[in-house]
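Here's the structure, in structure tokens; my notes come after.
The values are calculated or read from the model by the stated rules, or taken from the named source; none is laboratory data. Everything numeric in this text was worked out from a predicted model, so none of it was measured. All Cβ positions, even for glycine, are placed from backbone atoms using ideal geometry, and neighbour counts span all protein chains on display.
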Amino acid sequence: MDSPQALDFVRRWASAMTRTTYVPLERADIERQLHTFLNRLVGALAAEPFSTVVATDMGRLLVEGHFTGPDSLGSTTALLGPQLLDEPRLRGVDRLPHKVVALLGELAAGYSVALRDQVLDRQEQLNRALLSAKNKAERDLRASETRLREIFAGSALGIVISDVHNEIEEVNEAFATMLGSPQEALTELNLLDLIHPEEIDTVREYYARLLAGEVPRIQEYARFTDPSGEPVWGRISATLLFDFQGGPRGLVTMVEDVTDQNLLQEEFSRQTLHDVLTALPNRQYLVSHLERVLARAKPDALITLCHVGLDGLTVINHGLGHTAGDFLLREVGSRLTSAVRGERAMVARLGGDEFAILIENTDETPDAGALSAAISSELTEPAYYRENGLAVSACIGIVQRIARQIVTTELLRDADITLHRTKSVGNGQWSLFDSRQDEVHREHYRLAASMPGALEMGEVRVEYQPMARVADGEVVGVEALVTWDHPEVGTLDHAQCLSLANETGLIGQLGGWLLDEACRQGLRWQREFDDAPPLVINLTTDQACDPDLLRRVRRLLDETQYEPAKLWLGFPAGAVSRSDREGGENAALLRELGIVILISDFGTSYLDLHCLRLLPDAPVRISNRLLAELTADPCEDSVTSEAVTAVVKLVHRAGRTAMVGEIRTAEQAEWIIELKADVAQGPYLVACTDAETLTQALRDQRRG
């Protein structure tokens with residue numbers, strides 16, 4: 001059994017050893033091993049005959065156990081001496097001091113021999129490792145040289161090795177092939193001799209900066225010249241080669257042939273900035289050119305922009321095919337260029353059937369009228385395509401402005417708005433930008449652009465206007481109308497909302513929303529009032545001809561259980577009379593569902609008469625465009641009033657109900673009575689109102 005004194009000694013011995021060196025063992029393992037050493041030493045001292053072999057073995061084990069710090073041996077002997085002399089288990093041992101000294105001396109000798117052998121072994125291992133590393137380095141060097149030589153010879157990149165003065169020492173086959181010269185001939189030249197003359201100074205500066213240490217490498221594009229003088233585009237990457245002292249010995253330049261890529265890039269840039277069909281500059285190029293023109297122009301220089309829109313290109317495309325249309329577009333591009341030859345001008349194709357001409361005015365530049373005449377004259381001259389003489393007229397919107405007043409985007413927009421306004425007048429027209437009309441058009445387009453958001457935010461609502469029988473004033477129907485409560489411009493009526501929706505293509509969504517909202521309100525009236533008036537909804541031409549109209553209405557009736565006979569849908573006469581549209585078919589199918597079909601917008605075309613035959617017994621609503629032309633006193637407006645009178649008589653002769661709107665004055669109301677119209681509506685009779693107010697009026701009417 002070990003004494004507490006022995007255990008305490010072992011802990012002190014372990015602490016001393018771990019302070020002098022790192023031993024890759026846990027503390028408990030160290031103490032366990034030292035405890036074994038102590039017990040073996042005690043056993044050796046107590047044994048007879050006395051032998052120091054155990055001490056020699058312990059010295060070796062200490063070295064093998066990594067107890068080899070600078071003070072490890074000294075600490076061990078300093079601690080073991082007193083401990084062994086005071087060890088209780090050794091009391092009575094003869095000549096104990098002598099034996100302890102002999103034992104410790106042998107431990108030190110064994111320790112020294114083992115440590116020497118370990119050092120020699122490590123030196124031998126190091127020598128073998130150094131020799132192996134040297135041999136491996138030589139092999140790797142030879143392999144690396146072989147690989148580099150293979151890379152140099154077989155690389156697809158051109159490689160040039162030159163001295164610090166750019167005198168070529170060696171080139172690979174790829175570089176020689178790139179320039180179309182023998183390798184031997186290239187090694188007699190300076191690298192700069194191969195650079196295109198326009199870029200020699202630039203490339204020389206690149207290499208000078210590299211040699212001066214200003215940049216670690218060169219990565220740039222450069223043009224080389226082959227023996228025939230043709231340029232060869234290359235992407236160069238150059239770096240320094242150093243000698244053993246670390247100084248620059250030469251240069252290695254790698255060159256990637258990017259001639260094909262450069263040609264493709266130039267073609268891509270050309271296609272990006274030019275119209276593929278006509279090869280004219282496109283809108284992007286026009287904008288950048290305009291910005292360059294403004295940058296160099298004098299502040300008071302006059303700039304003219306003509307926005308040209310062709311008339312009737314669709315006719316040619318549909319009649320003779322798009323190949324003929326493409327031929328004509330190319331011809332127009334050429335003719336427009338001829339029309340402004342002699343001017344500092346750019347002709348561009350903006351897309352579709354629209355072109356633009358940007359002119360930097362001089363004293364000889366013709367005025368807007370003469371310029372338009374010259375353009376029109378060029379375009380109306382026939383161009384022959386497969387024995388067909390093709391020609392088109394064009395509408396032209398012209399903006400002339402002083403350079404200092406021009407903002408690029410505004411100039412293009414003003415020209416576009418001017419063309420749009422010109423097209424509304426008719427074909428073959430031209431007009432000059434008008435700032436007053438521009439304000440009106442800009443406001444109109446601004447409202448049109450914001451209308452989708454207004455519909456989403458609930459600013460657009462449905463109002464209702466009763467339609468009364470002229471004979472007795474009884475309400476025979478209620479028309480659903482769209483109203484927009486705009487936060488800035490106020491209330492916009494139904495006609496204004498439809499006009500704005502037409503501009504942005506929102507008309508289909510708006511019409512569908514109106515149909516849904518109105519039918520749901522009509523259902524509420526139907527449930528509350530047994531004799532609820534029919535709901536009248538006038539469809540737009542696009543709605544009337546929508547192939548999905550029948551499905552939409554049928555779904556709405558199924559969802560709401562609204563009585564079909566209480567729904568009156570107005571179909572524009574123009575939508576019904578055209579055989580190439582689906583308006584007539586939609587009207588007939590909806591009538592089969594029990595819906596009452598009105599013929600709306602009647603009386604603006606002789607084709608409207610066809611509707612009377614297609615839709616027997618359908619009530620007829622006189623066009624608001626006709627009625628809006630009436631003066632406050634129709635009796636004083638013989639032309640318009642006579643036209644309306646004739647249309648009403650025609651409707652009566654066909655045995656139909658004649659409906660009129662837009663009644664705004666007392667005189668118009670009296671005239672309608674004399675006219676014997678059957679149904680009338682308008683602000684003078686009953687103003688538009690919301691559903692809640694109209695519901696209350698219907699309640700009051702029934703109580704009265």
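Based on this model, can you work out whether Leu506 counts as at pLDDT 90 or above and either over 21 Å from Leu626 (Cα atoms) or over 35 Å from the mean Cα position of the chain (by Cα) (or both)?
Working: at pLDDT 90 or above: no; either over 21 Å from Leu626 (Cα atoms) or over 35 Å from the mean Cα position of the chain (by Cα) (or both): yes.
Against the criterion (at pLDDT 90 or above and either over 21 Å from Leu626 (Cα atoms) or over 35 Å from the mean Cα position of the chain (by Cα) (or both)), Leu506 does not qualify.
Residue check, Glu266 against (1) under 22 Å from Lys423 (Cβ atoms); (2) modelled with pLDDT under 85; (3) among the charged types (D, E, K, R), all met but one. Which one?
Here Glu266 clears every test but (1).
For a quick check of your reading of the model, give me the residue pairs whose first member lies in the stretch 79-98 and is within 19 Å of Glu48 (Cα to Cα), whose second is hydroxyl-bearing (Ser, Thr, Tyr), with beta-carbon atoms closer than 9 Å and at least 6 apart or on different chains.
Glu87/Ser3; Pro88/Ser3; Arg89/Ser3
From the list Leu84, Leu62, which one is assigned to a helix (DSSP H, G or I), under 30 Å from Asp121 (Cα atoms) and over 60 Å from the mean Cα position of the chain (by Cα)? Show your work before the answer.
Numbers: Leu84 fails: under 30 Å from Asp121 (Cα atoms).
Just a single option satisfies the conditions, and that option is Leu62.
Let's see how each residue does on (1) in contact with a helix residue (DSSP H, G or I) (Cβ under 9 Å, 6 or more places away or on another chain); (2) buried (at least 20 other Cβ atoms within 10 Å of the Cβ); (3) not assigned by TED's automatic domain parsing to the domain that holds Ala109:
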{"site": "Tyr22", "(1), (2), (3)": "no, no, no"}
{"site": "Arg32", "(1), (2), (3)": "yes, no, no"}
{"site": "Pro49", "(1), (2), (3)": "no, no, no"}
{"site": "Val53", "(1), (2), (3)": "yes, no, no"}
{"site": "Met58", "(1), (2), (3)": "yes, yes, no"}
{"site": "Asp86", "(1), (2), (3)": "yes, no, no"}
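Residue by residue through the stretch 162-217, note down the ones that are acidic (Asp, Glu) and closer than 14 Å to Gly234 by Cα. First the steps, then the outcome.
Going residue by residue through the stretch 162-217, those that are acidic (Asp, Glu) are 163, 167, 169-170, 173, 184, 188, 193, 198-199, 201, 205, 214.
Matches in the stretch 162-217: Glu199 only.
Within the stretch 154-170, track down each residue that is surrounded by 21 or more Cβ atoms within 10 Å (Cβ to Cβ) and under 46 Å from the mean Cα position of the chain (by Cα).
Gly158, Val160
Name the residue, out of Asp140, Asp71, that is over 60 Å from the mean Cα position of the chain (by Cα) and surrounded by fewer than 19 Cβ atoms within 10 Å (Cβ to Cβ).
Details: Asp140 fails: over 60 Å from the mean Cα position of the chain (by Cα).
From the options Asp140, Asp71, the qualifying one is Asp71.
Say we look at the stretch 362-401 and pick out the residues that are β-branched (Val, Ile, Thr) and without any contact (Cβ under 8 Å) to a residue 60 or more places away in the chain; which of these is nearest to Glu291 (Cα to Cα)? If you could, list the steps in order and put the result at the bottom.
Initial filter on the stretch 362-401 (β-branched (Val, Ile, Thr)): 362, 365, 375, 380, 392, 396, 398-399.
Remaining after also requiring without any contact (Cβ under 8 Å) to a residue 60 or more places away in the chain: 362, 380.
Values: Thr362: 19, Thr380: 32 Å.
So the residue we want is Thr362.
Being in contact with a helix residue (DSSP H, G or I) (Cβ under 6 Å, 6 or more places away or on another chain) and at pLDDT below 85 narrows it down to one residue among Asp260, Asp226; which is it?
Working: Asp260 fails: in contact with a helix residue (DSSP H, G or I) (Cβ under 6 Å, 6 or more places away or on another chain).
Answer to the check: Asp226.
Are there any pairs, at least 6 apart or on different chains, whose C-beta atoms fall under 8 Å, with the first in the stretch 515-539 and in the same structural domain as Val660 (by TED's automatic domain parsing) and the second assigned to a loop (DSSP other than H, G, I, E, B) and among the aromatic types (Phe, Trp, Tyr), and if so, which?
The qualifying pairs do not exist here.
In this structure, is Asp260 surrounded by fewer than 12 Cβ atoms within 10 Å (Cβ to Cβ), over 23 Å from Ala345 (Cα atoms) and in contact with a strand residue (DSSP E or B) (Cβ under 6 Å, 6 or more places away or on another chain)?
Values: surrounded by fewer than 12 Cβ atoms within 10 Å (Cβ to Cβ): yes; over 23 Å from Ala345 (Cα atoms): yes; in contact with a strand residue (DSSP E or B) (Cβ under 6 Å, 6 or more places away or on another chain): no.
Judged against the criteria, Asp260 is not a match.
Go through the stretch 484-536 and count every residue that is in contact with a Lys or Arg (Cβ under 9 Å, 6 or more places away or on another chain), crowded, with 17+ Cβ neighbours inside 10 Å and over 24 Å from Leu598 (Cβ atoms).
Total satisfying the criteria: 1.
Going by what's in this entry, would Leu130 be described as assigned by TED's automatic domain parsing to the domain that holds Ala47, at negative phi and either without any contact (Cβ under 8 Å) to a residue 60 or more places away in the chain or of a type outside the set (Ser, Thr, Tyr) (or both)? Steps first, please.
Numbers: assigned by TED's automatic domain parsing to the domain that holds Ala47: no; at negative phi: yes; either without any contact (Cβ under 8 Å) to a residue 60 or more places away in the chain or of a type outside the set (Ser, Thr, Tyr) (or both): yes.
Considered against the rule, which asks whether it is assigned by TED's automatic domain parsing to the domain that holds Ala47, at negative phi and either without any contact (Cβ under 8 Å) to a residue 60 or more places away in the chain or of a type outside the set (Ser, Thr, Tyr) (or both), Leu130 comes out as no.
Return yes when Arg147 is modelled with pLDDT under 85, among the charged types (D, E, K, R) and farther than 20 Å from Asn262 by Cβ and no when it is not.
Details: modelled with pLDDT under 85: yes; among the charged types (D, E, K, R): yes; farther than 20 Å from Asn262 by Cβ: yes.
Yes, satisfied.
Exactly one of (1) exposed (fewer than 15 other Cβ atoms within 10 Å of the Cβ); (2) among the acidic types (Asp, Glu); (3) in contact with a Phe, Trp or Tyr (Cβ under 8 Å, 6 or more places away or on another chain) is unmet by Asp608. Its number?
If we test Asp608 against (1) exposed (fewer than 15 other Cβ atoms within 10 Å of the Cβ); (2) among the acidic types (Asp, Glu); (3) in contact with a Phe, Trp or Tyr (Cβ under 8 Å, 6 or more places away or on another chain), just (1) comes out false.
Taking Ile359 and the conditions (1) in contact (Cβ under 8 Å) with a residue 60 or more places away in the chain; (2) crowded, with 19+ Cβ neighbours inside 10 Å; (3) in contact with a strand residue (DSSP E or B) (Cβ under 6 Å, 6 or more places away or on another chain); (4) not hydroxyl-bearing (Ser, Thr, Tyr), which numbered condition does it fall short on, given that it satisfies the others?
(1)
What about Asp275, is it more than 26 Å from the chain's Cα centre (by Cα), acidic (Asp, Glu) and buried (at least 16 other Cβ atoms within 10 Å of the Cβ)?
Spelling it out, it is not the case that Asp275 is more than 26 Å from the chain's Cα centre (by Cα), acidic (Asp, Glu) and buried (at least 16 other Cβ atoms within 10 Å of the Cβ).
Determine the pairs where a residue that is at positive phi, located within the stretch 220-248, has a partner that is part of a loop (DSSP other than H, G, I, E, B) and at pLDDT 85 or above with Cβ atoms under 7 Å apart, the partner being 6 or more residues away or on another chain.
Listed pairs, sorted by first residue: none to list.
Inspect all residues belonging to the stretch 279-293 and state whether any of them is touching a Cys at 6+ places or on another chain (Cβ under 7 Å) and surrounded by 13 or more Cβ atoms within 10 Å (Cβ to Cβ).
Taking the stretch 279-293 as the starting set, the residues that turn out to be touching a Cys at 6+ places or on another chain (Cβ under 7 Å) are none.
The answer is no, given that none of the residues of the stretch 279-293 is touching a Cys at 6+ places or on another chain (Cβ under 7 Å) and surrounded by 13 or more Cβ atoms within 10 Å (Cβ to Cβ).
Mind telling me which of the residues Val315, Val287 ends up being modelled with pLDDT under 90 and either charged (D, E, K, R) or on the phi < 0 side of the Ramachandran plot (or both)? I'd like the intermediate steps shown before the answer.
Numbers: Val287 fails: modelled with pLDDT under 90.
None of the others qualify; the one that does is Val315.
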